[in-house]
Amino acid sequence: MIARYTRPELAEIWSEDAHFEAMREVEVAACEEMDGPSSEELDAIRAATFSVAEIAEREKTTEHDTAAFVDVLAASAGSAGRWIHLGLTSSDVLDTGLALQLRRVAAIVLPDSRRLVETLAARAREHRRTLCVGRTHGVHAEPMTFGIKLAGFAFEADRNARRLERAFAQATVGAISGAVGTYSATDPAFEQRVLARLGLEREPVSTQVVARDRHAELLQAIALAGAGLERFTTELRHLARTEVGEVREPFAPGQKGSSAMPHKRNPIRSEQVAGLARVLRANAQAAVEDVALWHERDISHSSVERIILPDSTILLDHMQRRVLGLVQGMVVDAERMRSNLELTYGALFSQRVLLALVSDRGLSRDAAYRVVQRLAQQAADERTPLRELLALDPAGVGLDLDRIFDYAPFVRFADEIVGRLDAIA
């Protein structure tokens, strides 16, 4: 992933040096659980070193990066190097080392997933009674509160955080089962001891490789989390439009919105998140394609994973931090929200008028619907409040207009709805 989106800590975890270092940890742990090496040899194995440059040079001969790594590490250990990789196969070291890397990535990425839940919940509580219009199909529907809207995003963020936690956990498993996974040169107890040293669970049947549905599940969880971030930023972008103006992104001192038009304050952070979510979805598709390998193992997944695992985890981290900043700093214009409620001249109360005509006046539902539909359209065409038109219409005689045209029913359960956040945040 390009440096623009990459946190240094994640760049380090996904570096070539860290990749081989994770493999070295696996090799050392395996030697520590073997019966053969003496204590002096184990000291030499633990002290063995490598460099990415040395491995790259050796690979020119081996045409095999793991074999090149083993050669370099073994040579560094001197005569004790004969124990390195004994009874192992490449996937034992590659997949188990990858599990170590993923665990380190999770330690960085997952806390922000939970922070996003907490931050959305806090803003939802802040605006639990901030009245705004609810929209369906992009059209004004009925009043609601901005806090209820944010609470929905908070619960989605919680589901995504839980999915990510589960997905990382099930993907961080190892295997030390040898060629085609039969333990022909070792035994299951040896594998269990090595993985215990590394703090990893075992792949029950590795067939030489850890099954790639695990990594596909992780990428799917990441793509879903990205979709949730995209949904929030899409909402923010809509609400930031000039004609709406209810919410806007934070705008830093000295920031410029346009190189040509000084007045612009564009929702660029939200647009970036929406764009990067597409990359996550594409990578998730590639991960699914990696699941089917020939027989017990091929390496058609390997080249793909070198790209999609670092890129997806790095992008998720970047997007989460981007959205955290947006949630914390977004400017909410409650007055504009209130004024936008009047754009339809009271049509937002159409269901309450309908219910009153049915229950209080005894009209059939269809007849009441047609009355309200006609009056609501007249209100829009003539720019006259629906309440005034209803008061003059024969159907409205005797109705309690103060009760009908009251915002209170739309917010009466707002505290209860937003209060459900207590279960997750």
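Derivation of every value follows stated rules applied to the coordinates shown; laboratory data play no part. Here the structure is a predicted model, which is why all the values come from computation and not from measurement. Ideal geometry is used to build each Cβ from the backbone, glycine not excepted, and the neighbour counts take in all protein chains shown.
Hey, which aspartates and glutamates would be in cross-link range of residue 60, C-alpha to C-alpha under 14 Å, not counting anything within fewer than 8 residues on its own chain?
Answer for residue 60, where 14 Å is the Cα cut-off: 71, listed by chain and number.
How many nm separate the modelled label positions at residue 47 and residue 129, each set 7 Å beyond the Cα in the direction of the Cβ?
Here the answer is 7.2 nm between the modelled labels.
If you count, for each residue, the other Cβ atoms within 10 Å and average over each peptide, how do 383-394, 251-262 line up from highest to lowest?
Packing order, densest peptide first, comes out as 383-394, 251-262.
What does the charge count around residue 349 come to, taking other residues whose C-beta lies under 13 Å from its C-beta (Lys +1, Arg +1, Asp -1, Glu -1)?
Neighbourhood net charge equals -3.
Using DSSP to define loop residues, name the chymotrypsin sites (Phe, Trp or Tyr not before Pro) in region 283-390 whose beta-carbon has at most 15 other beta-carbon atoms within 10 Å.
Values: sites: 294, 345, 349, 369; in loops: 294, 345.
Counting only loop positions with at most 15 other Cβ atoms within 10 Å, the chymotrypsin sites (Phe, Trp or Tyr not before Pro) in region 283-390 are 294.
Give the order of 158, 187, 112 when sorted by the count of other beta carbons within 10 angstrom, beginning with the fewest.
In order of increasing Cβ crowding within 10 Å: 187, 112, 158.
Tally Lys/Arg at +1 and Asp/Glu at -1 over every other residue whose Cβ is under 12 Å from the Cβ of residue 407; what's the total?
Combined, the nearby Lys, Arg, Asp and Glu give +1.
Please give the Cα centre distance for region 240-285 versus region 135-162, rounded to the nearest Å.
Here the answer is 20 Å between Cα centres.
I need the peptides 120-132, 19-31 ranked by packing, meaning the mean over residues of other C-beta atoms within 10 angstrom, with the highest value on top.
Result, highest mean Cβ count within 10 Å first: 19-31, 120-132.
Which listed residue (233, 121, 331) has the Cα farthest towards the positive end of the charge dipole for the chain, taking +1 on Lys and Arg C-beta and -1 on Asp and Glu C-beta about the Cα centre?
331
If you rank 137, 238, 215, 318 by fewest surrounding Cβ atoms within 10 Å, what's the result?
Ranked by crowding around the Cβ, least crowded first: 137, 238, 318, 215.
Per-residue ellipticity at 222 nm for the chain, helices alone: DSSP H runs ≥ 4 residues times -39500 (n - 2.57), over residue total, nearest 500 deg cm²/dmol? Please list the in-between numbers first.
Details: 18 runs with 263 residues, N = 425.
Computed ellipticity for the chain at 222 nm equals -20000 deg cm²/dmol.
Can you tally the net charge around residue 384? Count Lys and Arg as +1, Asp and Glu as -1, for every other residue whose Cβ sits under 15 Å from the Cβ of residue 384.
Values: positive: 374, 383, 387; negative: 342, 381, 382, 388, 393.
So the environment of residue 384 carries a net charge of -2.
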